[in-house]
Amino acid sequence: MKKIIFILSFFLTANAVENIKGDAKQGSDLFKKNCTACHAMNLEQKMIGPALADVTKKRSREWLHKWIINNKSLRESGDKDAIAIYKEYDNLEMNLFPQLSEKQVDDILSFIQKPNSIKKENENNDDSENKEINFYTEENKFLFKFIVFCFIILSLIIIWVLYRIQLLSKLVNNENPVSDKKNFSIKIRLKRILYDKILGRKKEKWYILSCFIGFFSLIGIYGIWNFLMKIDVNKGYKPEQPIYFSHKIHSDINGIDCQYCHSSAKEGKVSSIPSTNVCMNCHITINEYNGDYLEKGKNRNEYNEEIQKIYYAIGWDPKKRKYSKKTNPIQWIRIHNMPDFVYFDHSQHVISGKNMIKKLKKVNLVCNACHGEVQKMDQVEMSNDFTMEWCISCHKNVEIDISNQYYKTYFHKKIKKENKKITVDMIGGTECAKCHY
């Protein structure tokens, strides 16, 4: 009798598995949007909710549909399995998903049933990316450096050999190389070349030489001046951070708003660096990268290692799902930093000047006017000069927003008097004390 029951249950389970006909790829996307807050993408790891691997073998399709769409109703019906799971997880209620259709639930279950098919696609994408960047492997970098080093050594050897051959030829011709060096001093060589052979005693040629010397002297002075003016101008500065963070993945692909992380950029003087707690709002459930985008030279394992660094910094144990009291603060390297004698207020630019700055710079986001298209950057860099000249040129061209309440209150007389456009410099935007006090 027991054997008959076992065989019947086996066939019923097999039939339940076969009845799940969905799109695993669509199911993967639905799982990411609806389920990853409590369940791991790898399905074998227990998080807030249970590990879901092989759940389609343990439960029937009908039961899983009822549980996913409205688990509360299933418990109230007296279903023993539903009540047992509820008690096992300390009476923590699972979210209800009445918005999901039967087809969408089947897609999710199909993904849970066949997660390897999605993994193989991702691995194939990884392989195709890696084929394109084989040149940038560590072995090739070392080989390139070694070849350059060998060429340098070879060049030095050839120069030394040629010098010895020259000395030997002079000895063969009964010449004294030491006395020869004295006779052909730099001054005598210049005199012979310039005075005797090229210029002679004609004044016109000396005038031409003087003009050339003066011209190249001016170019040299300009070059030195230009070099001095570029000191501490760090456009293109792109330091390597302790944790690799791609703004393209977070801001562009996943659409996270700038102010979600940089909460004081709009209302405060400076744009704050987000604390690790902000990172953990998402990464408490996202412990591995499963996105389609991969930066050249990187693979999924490298992204996953960076997520582990966040856990190490805040003291989070992803296996026990508990915080420890041991933290390791992240030492971020600041990129945009005004000197101490410069006063700059983010709120004044982002709130009062938002519309007109966007209009002048032709950007959709006011942040991009100064920082460039950060949402497109894998690694953030300084996109502009941030010199005083750069700031003043902006103040001379950007108009004030006459619809802004601040300008209406304090500059209403000037707005009525002036018919032409009113730029920031016309209301004191280039006064020294505005930025230096």
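The values are calculated or read from the model by the stated rules, or taken from the named source; none is laboratory data. What you see is a predicted model, and the numbers here were worked out from it, not measured in a lab. No Cβ is skipped: glycine too gets one built from the backbone with ideal geometry, and neighbour counts run over all protein chains shown.
Taking K319 as the residue in question, decide whether it is within 16 Å of T285 (Cα to Cα), charged (D, E, K, R) and either outside any helix (DSSP H, G or I) or over 22 Å from the mean Cα position of the chain (by Cα) (or both).
Working: within 16 Å of T285 (Cα to Cα): yes; charged (D, E, K, R): yes; either outside any helix (DSSP H, G or I) or over 22 Å from the mean Cα position of the chain (by Cα) (or both): yes.
Judged against the criteria, K319 is a match.
Which of the numbered conditions does G315 fail, given that it passes all the others? Conditions: (1) surrounded by 14 or more Cβ atoms within 10 Å (Cβ to Cβ); (2) out of contact with any helix residue (DSSP H, G or I) (no Cβ under 8 Å at 6 or more places or on another chain); (3) free of Cβ contacts under 8 Å to residues at least 12 places away in the same chain.
Just one mismatch for G315, condition (3).
If F344 satisfies every condition in (1) over 22 Å from G255 (Cα atoms); (2) crowded, with 16+ Cβ neighbours inside 10 Å but one, which is the exception?
(2)
Before we move on, is N397 farther than 18 Å from G236 by Cα and at pLDDT below 85? Give the steps one after another, and end with the answer.
On the way: farther than 18 Å from G236 by Cα: yes; at pLDDT below 85: no.
Spelling it out, it is not the case that N397 is farther than 18 Å from G236 by Cα and at pLDDT below 85.
Would you pick out the residues in the range 56-84 that are polar (S, T, N, Q), in a helix (DSSP H, G or I) and surrounded by 15 or more Cβ atoms within 10 Å (Cβ to Cβ)?
Taking the range 56-84 and keeping what is polar (S, T, N, Q), we get 56, 60, 70-71, 73, 77.
Keeping just the survivors that are in a helix (DSSP H, G or I) gives 56, 70-71, 73.
Selection gives T56, N70, N71.
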